[in-house]
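Peer 1: Below: one structure in structure tokens.
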Amino acid sequence: MISKLNNTLPVLDFKDLLLELVLKTDYTENLNRTSQAIVDYFARVLNGMAFLFMRDMSRKHYYIEASSDTHLEEHLDKFTLNHSEVEALIHEPYFLSVNECPLFLNPLKTALLKKTSHYDEQYIVFLTYDKECIGCVLLMHQMPLTATLRNELLQLTEKCSKLLFRVKRHMEAAKLGKQYEKLFLVTDKFHSTMNEKEVLEEITHSLYHMYPSSIINLLFIDENRRETPHHYEASQVFLSGDVKQIQMDENRNILYVPLRGQQGIYGVLEVITTTRRFFSSDINLIKLLANTAGHALENARLYQQSQHLISDLKIINEASKHLNANSSFKEATDYLINHLTKAFKPEEIAIFYSYSDKHLQALPGSSNFFLSHKSYAFVDYIKARVEKTGDALFSFDLLQELTVKAAPYRSLMAIPIQQDNEIVGLVVLVHSAAYHFTFDGYKLASSLVQHSALALINARLREELEHMVITDQLTGLYSRHYLNTKIAESFEKGEGGGLILIDIDNFKEINDTYGHPVGDQILKQVALILMDNIRGEDIAARWGGEELTIYLPKSSLYVVEKIARRLLVRVEGDTHPKVTISCGIANWTKEEEQYSPEHLLEIADQALYMAKSLGKNRIYIADK
């Protein structure tokens, strides 16, 4: 075009600039290339230097987008203009001399101007679009700044403003499109896995890809919550579900975004940037990613919980099936101890059970610690706590409780076995490490014990009933029927053994003199003496009336006779009123095939008859 002021060809022509843009940008809308082409054009045409500043997305600073002098690039990294200061200077015709501009009073900027002091003309042209400043151009050259040149500059920068605004908007849209494309791919990955760890790894990986200079942390994901310098703000986000941004200084910002699902919040995403603050587009994108991740995390956890629940139900069903399969009480308790040990790996474990005296006692099969006196104080504390509340006791760390400062173990699960709302047993698992047992593990252990309780109680009741059937109620000795059964079994095995048939001398006179209650007491006293003087495998039974019997399997005649003589002395010395006994002894070996249980009992009865006939208070050994 022809200049209206002096009819000369213009120094600055937009067509020339467009041609340079086409050549240097390869027909692409690239902000950096476009900016570089513009400053190179100004520098070439004006025979000077040009710097292009663009406003960042936070709208707080103007940073150098392009420079015509590469030698000054080392000074340009931190060369920024403050938006508020720029706004105070903007007024039509959007043109300002550097000498009149307080923006360059900063020492760094002053030093830069000194390096370019040989240029007479130094001024700023502001780039505006829709009456809003989007950047500015710092120009330095020797060419005199005439009114014509000034008008051409204003016209050209006005067109450059529109071009830069559109290129920048296009690039931001393209960048946002790529981010949402990445979000779509991430979402697809989220929905293709039910593994919580993979979901969490994909969250951090995606954010690192979108914001390479940021620090990413996941907070409150599990019980071991990570403390941060601003954990209070993070905890508030976790509780409220609101996004929160904290500006630490000019360039360091922290963004907290909740990982939200349909049923709750599953953690907090912490994004720390050290280069710039978060813009609304960043927050919206990160929030969308966090919500998507929250739903994926929720689905993964629900799936894992369902798998754990199925596994727990299998464990409970397997245990219940085994315990209800007519197991003995000891078999049931041994199985439960082994099952709990395998599932929860405690260092010590015990099952306590109360008998007729209502006192909880550690059962055989419990750990040595609970069977020793070292555990008494610790066990008393546990029992007191459980009996006070009637509920299970669970502790991640007993040392945190003021009342148990000297606890030998830190992790604890104590689960009561209840019958008709009364505690009849207690299962205790401990470990020296804190947080060894999880809360989910505690719930499984409680469920397992509760489902096992009925089987344990039934096994114990069944054994008590069986014991009542085979036991004489007055003396506590075995019944005659049980004795006959055991003797028959011994004969089937060919073990050999001896039989002592005992009669309390002059028992009728005791009843007549002192009464039947005293007679009953005498029977009990003699029965206790018998039980105190026999071995574990020996069987003491009430034969009938005042007659008692002891069968000693796998015993020689010498052993049988020795025990019988000891009984004579003990009964005479330890009964009140004093009584004596007579004993008939019969013995058999596996080589004596003519013997049978009936024959053994018969000759023992004959031997007893002989002992009484010879004056009582003595033993008599049957002849072979």
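The values are calculated or read from the model by the stated rules, or taken from the named source; none is laboratory data. Quick caveat: nothing in here was measured; it's all calculated off a predicted structure. Note that each Cβ is placed from the backbone with ideal geometry, even for glycine, and that neighbours are counted across all protein chains shown. Note: areas computed on protein heavy atoms with side chains; ligands, DNA, RNA excluded. Shrake-Rupley method; radii C 1.70, N 1.55, O 1.52, S 1.80 Å.
Peer 1: How do the pairs read when you match residues in region 371-398 that are in a strand (DSSP E or B) with residues anywhere that are among the aromatic types (Phe, Trp, Tyr), using Cβ under 7 Å and keeping only pairs 6 or more apart or on different chains?
Peer 2: Phe394/Tyr442
Peer 1: Still on this model: Yes or no: region 340-363 includes at least one residue that is aromatic (Phe, Trp, Tyr) and in contact with a Pro (Cβ under 9 Å, 6 or more places away or on another chain).
Peer 2: No; the residues of region 340-363 include none that is aromatic (Phe, Trp, Tyr) and in contact with a Pro (Cβ under 9 Å, 6 or more places away or on another chain).
Peer 1: Which residue, of Arg542, Arg460, is modelled with pLDDT under 90 and of a type in the set (D, E, K, R)? Give the derivation first.
Peer 2: Working: Arg542 fails: modelled with pLDDT under 90.
Within the list Arg542, Arg460, the selection yields Arg460.
Peer 1: Also: In this structure, does Thr148 turn out to be in a helix (DSSP H, G or I) and modelled with pLDDT of 80 or more?
Peer 2: On the way: in a helix (DSSP H, G or I): yes; modelled with pLDDT of 80 or more: yes.
Yes; evaluated as a whole, the condition is true for this residue.
Peer 1: Answer yes if at least one residue in region 594-601 is assigned to a strand (DSSP E or B), at pLDDT below 95 and surrounded by 14 or more Cβ atoms within 10 Å (Cβ to Cβ), and no otherwise.
Peer 2: Keep residues of region 594-601 that are assigned to a strand (DSSP E or B), which gives none.
Looking through region 594-601, none of the residues is assigned to a strand (DSSP E or B), at pLDDT below 95 and surrounded by 14 or more Cβ atoms within 10 Å (Cβ to Cβ).
Peer 1: Give me a count of the residues in region 569-624 that are on the phi > 0 side of the Ramachandran plot and in contact with a Ser or Thr (Cβ under 7 Å, 6 or more places away or on another chain).
Peer 2: First pass over region 569-624, keeping only residues on the phi > 0 side of the Ramachandran plot: 615-617.
Of the ones still in play, those that are also in contact with a Ser or Thr (Cβ under 7 Å, 6 or more places away or on another chain) are 616-617.
Residues flagged as on the phi > 0 side of the Ramachandran plot and in contact with a Ser or Thr (Cβ under 7 Å, 6 or more places away or on another chain) within region 569-624 amount to 2.
Peer 1: Within region 131-142, can you find the residues that are farther than 16 Å from Val98 by Cα and touching a residue at least 24 places away in the same chain (Cβ under 8 Å)? Step through it out loud before you land on a result.
Peer 2: Taking region 131-142 as the starting set, the residues that turn out to be farther than 16 Å from Val98 by Cα are 131-134.
Cys133, Ile134, listed by residue number.
Peer 1: Mind checking which residues of region 290-332 are farther than 30 Å from Leu259 by Cβ, open to solvent by less than 20 Å² (accessible area, probe 1.4 Å) and modelled with pLDDT of 75 or more? So that I can check it myself, show each step before the final result.
Peer 2: Residues of region 290-332 farther than 30 Å from Leu259 by Cβ: 314-332.
If we keep only those that are open to solvent by less than 20 Å² (accessible area, probe 1.4 Å) too, we end up with 316, 319, 323, 327, 329, 332.
Those that are farther than 30 Å from Leu259 by Cβ, open to solvent by less than 20 Å² (accessible area, probe 1.4 Å) and modelled with pLDDT of 75 or more: Phe329, Ala332.
Peer 1: What do you reckon, is Glu87 at pLDDT 75 or above, surrounded by fewer than 17 Cβ atoms within 10 Å (Cβ to Cβ) and within 17 Å of Val125 (Cβ to Cβ)? Steps first, answer last, please.
Peer 2: On the way: at pLDDT 75 or above: yes; surrounded by fewer than 17 Cβ atoms within 10 Å (Cβ to Cβ): yes; within 17 Å of Val125 (Cβ to Cβ): yes.
Yes, satisfied.
Peer 1: For region 345-368, how many residues meet the condition of being free of Cβ contacts under 8 Å to residues at least 24 places away in the same chain and either open to solvent by less than 60 Å² (accessible area, probe 1.4 Å) or touching a Cys at 6+ places or on another chain (Cβ under 7 Å) (or both)?
Peer 2: The number of residues fulfilling the criteria is 2.
Peer 1: Let me ask something else about it. Taking into account only those residues within region 408-441 that are farther than 25 Å from Ala332 by Cβ, outside any strand (DSSP E or B) and of a type in the set (S, T, N, Q), which is modelled with the highest pLDDT?
Peer 2: So, considering only residues that are farther than 25 Å from Ala332 by Cβ, outside any strand (DSSP E or B) and of a type in the set (S, T, N, Q), the one modelled with the highest pLDDT is Ser432.
Peer 1: Something else about it: Tell me, which residue of region 475-513 that is among the hydroxyl-bearing types (Ser, Thr, Tyr) and farther than 22 Å from Ile563 by Cα is most open to solvent (accessible area, probe 1.4 Å)? Talk me through it step by step, then tell me what you get.
Peer 2: The initial filter retains those residues of region 475-513 that are among the hydroxyl-bearing types (Ser, Thr, Tyr), namely 475, 478-479, 482, 485, 490, 513.
Pick out the ones that are also farther than 22 Å from Ile563 by Cα and you get 485, 513.
On the way: Thr485: 55, Thr513: 100 Å².
Checking each candidate, the answer is Thr513.
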